[in-house]
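Peer 1: If you scroll down you'll find the structure; I have some questions about it.
The values are calculated or read from the model by the stated rules, or taken from the named source; none is laboratory data. A quick note: this is a predicted structure, and the numbers were derived from the prediction, not measured. Reconstructed Cβ throughout: ideal geometry from the backbone, glycine too, with neighbour counts over all protein chains shown. Protein only, heavy atoms only, side chains kept; ligands, DNA and RNA dropped before computing areas. Shrake-Rupley method; radii C 1.70, N 1.55, O 1.52, S 1.80 Å.
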Amino acid sequence: STLSSSSAASDVYKRQTMASSPIPIEINLQQKSKLLHIVFDDQTECKLSCEFLRVYSPSAEVQGHHPSQAVLQIGKENVNIVKISPVGQYAIKLHFTDGHDTGLFSWPYLYNLAKNYDQLWMEYIMKLDETGVKRKVEDGE
């Protein structure tokens, strides 16, 4: 594809980010186990829990408009995904059972979640611990 010389800097940044970031070649929701299985074109493979995706939703409601405004998500242990909507060729929108559906999960964002899952999950658990919140997972799930 040819690019016009009048492209905005943000378009260039977006293209470079998208071009340099692996893209999913497979996305499968496993509703029973509440896992989103993703395979990227660089062979990175991950299973992200619905709870993890919900608490790390890229929406302003969760992340705020600045890191200092991020809102700790509590009580999302048993949330599931009811629908996945494609957004162009660059993202998906996840529709959760608690009604949340405003986060656009771009390929670079999903890849970052996949690559940093362990660290991000530990950070979330530590934040819950700091606030004295205990996770409540339903038995038999």
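Peer 1: Within the range 4-26, identify whether any single residue is within 23 Å of H100 (Cα to Cα), modelled with pLDDT under 95 and outside any helix (DSSP H, G or I), and answer yes or no.
Peer 2: Within the range 4-26, none of the residues are within 23 Å of H100 (Cα to Cα), modelled with pLDDT under 95 and outside any helix (DSSP H, G or I).
Peer 1: Also, quick follow-up: Please enumerate the residues belonging to the range 63-83 that are in contact (Cβ under 8 Å) with a residue 24 or more places away in the chain and either open to solvent by 60 Å² or more (accessible area, probe 1.4 Å) or among the charged types (D, E, K, R) (or both).
Peer 2: I74, K76, E77
Peer 1: Still on this structure, please answer the following. Taking the stated definitions as given, is N80 modelled with pLDDT of 95 or more and out of contact with any strand residue (DSSP E or B) (no Cβ under 9 Å at 6 or more places or on another chain)?
Peer 2: Judged against the criteria, N80 is not a match.
Peer 1: With respect to S33, is the statement that it is open to solvent by 60 Å² or more (accessible area, probe 1.4 Å), at pLDDT below 95, small (G, A, S) and not in a strand (DSSP E or B) true?
Peer 2: no
Peer 1: Now a separate question. So, L35, is that one among the aliphatic types (A, V, I, L, M) and in contact (Cβ under 8 Å) with a residue 24 or more places away in the chain or not?
Peer 2: It is false that L35 is among the aliphatic types (A, V, I, L, M) and in contact (Cβ under 8 Å) with a residue 24 or more places away in the chain.
Peer 1: Out of the residues in the range 85-133 that are open to solvent by less than 60 Å² (accessible area, probe 1.4 Å) and of a type in the set (V, I, T), which is nearest to E61 (Cα to Cα)?
Peer 2: If we take residues in the range 85-133 being open to solvent by less than 60 Å² (accessible area, probe 1.4 Å) and of a type in the set (V, I, T), then I92 is nearest to E61 (Cα to Cα).
Peer 1: If you take just the helices (runs of 4 or more DSSP H) that sit entirely in the range 41-123, which of them hold at least 3 residues that are in contact with a Pro (Cβ under 8 Å, 6 or more places away or on another chain)?
Peer 2: So the answer is 107-115.
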